[in-house]
1. Looking only at residues that are over 18 Å from residue 95 (Cβ atoms) and assigned to a loop (DSSP other than H, G, I, E, B) in the range 44-60, which one is modelled with the highest pLDDT?
2. Which one of 78, 5, 63 is of a type in the set (Lys, Arg), closer than 22 Å to residue 215 by Cα and at pLDDT 95 or above?
3. Hey, among 70, 49, which residue is open to solvent by less than 80 Å² (accessible area, probe 1.4 Å), touching an Asp or Glu at 6+ places or on another chain (Cβ under 6 Å) and among the aliphatic types (A, V, I, L, M)?
4. Can you pull out every residue in the range 189-232 that is assigned to a helix (DSSP H, G or I) and aliphatic (A, V, I, L, M)?
5. Which ones in the range 121-172 are more than 17 Å from residue 42 (Cα to Cα) and small (Gly, Ala, Ser)?
6. For residues that are farther than 23 Å from residue 111 by Cβ and more than 16 Å from the chain's Cα centre (by Cα), tally how many sit in the range 37-59.
7. Across the range 17-42, what is the total count of residues that are among the β-branched types (Val, Ile, Thr) and either open to solvent by 80 Å² or more (accessible area, probe 1.4 Å) or farther than 28 Å from residue 71 by Cα (or both)?
8. State whether one or more residues within the range 139-154 are closer than 27 Å to residue 14 by Cβ and either open to solvent by less than 20 Å² (accessible area, probe 1.4 Å) or over 17 Å from the mean Cα position of the chain (by Cα) (or both).
Amino acid sequence: MADFKPILKRALRRKDGEQGLELWVLEPMPMATFISQPDHRFLSMMTKVIFQAGFVWRVIENKWPDFETVFLGFDTEKMMLLSPEQWEKIGTDKRIVRNMQKIISVPQNATYIDDQSREYGSYAAFLKQWPQEDLIGLYRHLKQAGCRLGGMSGPRILRQMGLDTFMLSTDVVMCLQDAGLDIADQPSNKRDLAKVQDCFNSWRQQTGFSFTRLSRICASSIGQNYAPKART
């Protein structure tokens, strides 16, 4: 498996040393904090990411307080109990983006979260018990069990909620390919994804870094060299 040292060295050079690179690096949330997050916060983040997909993120961010109001704080039980007529009314509410296909993902994902919470005690507890060395399997689970949680949406949700994750952005994939990994530009088949997981597992063992940190260093090491901006 490829050595991570050349990738780190290149990232440090591109970001003007350790202090510059730290502006780009993220760390996952401490598990004690992560596990304390209630189910409704996960449903809120799922919904935000779903609405941001294919849309101007800034618009969704600006409207988000109204989303929280319209969707009753994303309380999973309340979302599951609303009638079809109530959902139709929400679909006409001008305070939110009126995309019924995305709106209807809310009760579906509320049910999905509730199912996991009933089995594990909370949705955060369900995520905590998932083996870290099979993050790709968790992404696959989100796509199959949730609603509109495939592609980059699932990883983005987990990253935003503070779970230790790597994300297959264009720059991260370029970095993996440059390191010698024979994968597609948009890896999606089981073979390519298994290679990605094995590579990140190996790098984590080599460095002691979190998946989140590794992923951000990879992105910083290649592609267009952007100036620092708000972290995501």
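The values are calculated or read from the model by the stated rules, or taken from the named source; none is laboratory data. Quick caveat, the model's predicted, so the values are computed rather than measured. Quick reminder, even Gly has a Cβ in these numbers, built from the backbone with ideal geometry, and neighbours come from all protein chains shown. What goes into the accessible areas is simple: the full protein's heavy atoms, side chains included, and nothing from ligands, DNA or RNA. Shrake-Rupley method; radii C 1.70, N 1.55, O 1.52, S 1.80 Å.
1. Here the residue is 53.
2. None of the other options fit; the residue is 5.
3. Details: 49 fails: touching an Asp or Glu at 6+ places or on another chain (Cβ under 6 Å).
It is 70.
4. Going through the range 189-232, the residues assigned to a helix (DSSP H, G or I) turn out to be 190-207, 211-220.
The answer is 193, 194, 196, 214, 217, 219.
5. The answer is 137, 151, 169.
6. Here the count works out to 4.
7. Counting residues in the range 17-42 that are among the β-branched types (Val, Ile, Thr) and either open to solvent by 80 Å² or more (accessible area, probe 1.4 Å) or farther than 28 Å from residue 71 by Cα (or both) gives 1.
8. no
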